[in-house]
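Below is one structure, written out as structure tokens, with a few remarks after it.
The values are calculated or read from the model by the stated rules, or taken from the named source; none is laboratory data. No experiment lies behind these values; they were computed from the predicted model shown. Cβ coordinates were reconstructed from backbone atoms using ideal geometry, including for glycine residues, and neighbour counts include every protein chain displayed.
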């Protein structure tokens, strides 16, 4: 995603910055209590961005916060609506800087700008894939995730994969909670409620968990959502 900013030579924002890219990109900021907050930006169009977010902490007032977000990009200005797995929402507003970092304000955290820094892509370690059946509503198929995390901090591990050619993200907390999110396209996402699961369970255990499916994420005025479920089962 290319941001066409218009700032002068003294501005810290403007042309040249990119948000996301051909692959998912992770940005990390530190919350007031010291917890890392991660924004995972999916490849998207030039005027829109969406993805996942997670707070990598198992203690503190922001512990276990996880969900999906979507928003707009106008020049160097960005905004997004973040929805937690319990349905609560907060807003992100701010700008993207020339160095690719983001300065954003969370609507539920007053008096502080969060500085999100894009993380360098790390080499993929030797890994295997974990496959399982995933069904939501009339859609079903084989989901595949890596057995090696591409995020690991604060007692939280993130595993990426695909399902019916859609991006799939699994967040696992060391103490037990798990979340599973799927982004079939720029218009929709499906976010699970929190459930107790381990990585090894995906290929060996059958479980049904609630989810919320949201459509028209790129058009907030037309956005609607409904409750559904994920059924995870062995192949």
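Here are the numbers:
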| read-out | value |
| --- | --- |
| Complete set of residues in the stretch 203-235 that are assigned to a helix (DSSP H, G or I) and closer than 23 Å to residue 81 by Cα | 220, 221, 222 |
| The one condition in (1) surrounded by fewer than 16 Cβ atoms within 10 Å (Cβ to Cβ); (2) in contact with a strand residue (DSSP E or B) (Cβ under 6 Å, 6 or more places away or on another chain); (3) modelled with pLDDT under 95 that residue 21 fails to fulfil | (2) |
| Selection status of residue 33, more than 19 Å from residue 180 (Cβ to Cβ), buried (at least 16 other Cβ atoms within 10 Å of the Cβ) and modelled with pLDDT of 95 or more | no |
| Single unsatisfied condition, residue 154 versus (1) buried (at least 17 other Cβ atoms within 10 Å of the Cβ); (2) on the phi > 0 side of the Ramachandran plot; (3) free of Cβ contacts under 8 Å to residues at least 24 places away in the same chain | (3) |
| Considering residues of the stretch 110-120 that are outside any strand (DSSP E or B) and touching a strand residue (DSSP E or B) at 6+ places or on another chain (Cβ under 8 Å) only, the residue nearest to residue 41 (Cα to Cα) | 119 |
| Residue selected from the stretch 188-202 under the condition part of a loop (DSSP other than H, G, I, E, B) and in contact with a strand residue (DSSP E or B) (Cβ under 6 Å, 6 or more places away or on another chain), by the criterion farthest from residue 52 (Cα to Cα) | 197 |
| Residue within the stretch 184-194 that is surrounded by fewer than 24 Cβ atoms within 10 Å (Cβ to Cβ), at pLDDT below 95 and under 16 Å from residue 144 (Cβ atoms) present | yes |
| Enumeration of residues in the stretch 123-156 that are modelled with pLDDT under 95, part of a strand (DSSP E or B) and within 13 Å of residue 202 (Cβ to Cβ) | 129, 146 |
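Residues are listed down the side, and each one gets a yes or a no for (1) without any contact (Cβ under 8 Å) to a residue 40 or more places away in the chain; (2) surrounded by 17 or more Cβ atoms within 10 Å (Cβ to Cβ); (3) in a strand (DSSP E or B):
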position	(1), (2), (3)
67	no, yes, yes
70	no, yes, yes
73	no, yes, yes
80	yes, yes, yes
83	no, yes, yes
86	no, no, no
95	no, yes, yes
100	no, no, no
108	yes, no, no
